[in-house]
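S.K.: Here it is: the structure, laid out below.
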Amino acid sequence: MSRDSSKGKERGSGGSQQLPALVDLRLPKALSHVLRQHILLAAVEREVSPKELSGALGEQLGQVSYHVKVLRDECGLIEETRQVPRRGAMEHYYRASVKTLLPAKIWRRLKKGLRAAVGAGLASDLFNDLAAALKAGKLQGAQDYLVRTPLVLDADGQRNLRVIAERAAEEVEGEQHAAARRMAKAKGDGAEVIPCTFALLAFESA
């Protein structure tokens, strides 16, 4: 975890409104429509265009184009990669650019391709946060905690590890809500707002 008390006090007057969001709500919104799920999965696997997706998914081009726009402009989960002239018009191509946080329940429902993209985004954000904290002289406080524990488990142990990780994540989310209530009750009267990062990884090693 990273800690900066002085900055936290300056931002404390806003109460819970100053807290960073634990979950980026763009991904749940993106996955709330089945057509967007298929578009995003396709964009994870390869470069796609609305016209190609329309034929592959059997959906009207207008519908596909609309949901591509939602994923790009409202959710920020895909980005345009190139434009190709096609018979007087321009065909736009897209790829997924997933960098977000999401609840464990949504993570479990993702297909493997989407998990890979989301996982890559999470890892990138985590390393960026860690590098920024180190550069700012963090990871030296009494409440900071960093540990790496390589394990050798059987199948039961791997399943139990996931349960332990999910339970820890739920407890952390619960503490975030409790902290928000405490700070809202204090209404900025000496309330300390401390930006922190909580990272929890449990995965099968290569």
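S.K.: Could you grab me the full set of residues in region 94-114 that are out of contact with any Pro (no Cβ under 9 Å at 6 or more places or on another chain) and either modelled with pLDDT of 90 or more or assigned to a helix (DSSP H, G or I) (or both)? Spell out how you get there, then give the answer.
M.R.: Taking region 94-114 as the starting set, the residues that turn out to be out of contact with any Pro (no Cβ under 9 Å at 6 or more places or on another chain) are 95-101, 104-105, 107-114.
Across region 94-114, the qualifying residues are A104, K105, W107, R108, R109, K112, G113, L114.
S.K.: Among the residues that make up region 153-176, is at least one of them assigned to a loop (DSSP other than H, G, I, E, B) and touching a helix residue (DSSP H, G or I) at 6+ places or on another chain (Cβ under 9 Å)?
M.R.: Checking region 153-176: at least one residue is assigned to a loop (DSSP other than H, G, I, E, B) and touching a helix residue (DSSP H, G or I) at 6+ places or on another chain (Cβ under 9 Å).
S.K.: For region 168-203, give me each residue that is at pLDDT below 80 and small (G, A, S).
M.R.: Result: A180, A184, A186, G188, G190, A191.
The values are calculated or read from the model by the stated rules, or taken from the named source; none is laboratory data. Owing to the predicted nature of the structure, the values given are computational and were not obtained by experimental measurement. Cβ atoms come from the backbone with ideal geometry, glycine included; neighbour counts cover every protein chain shown.
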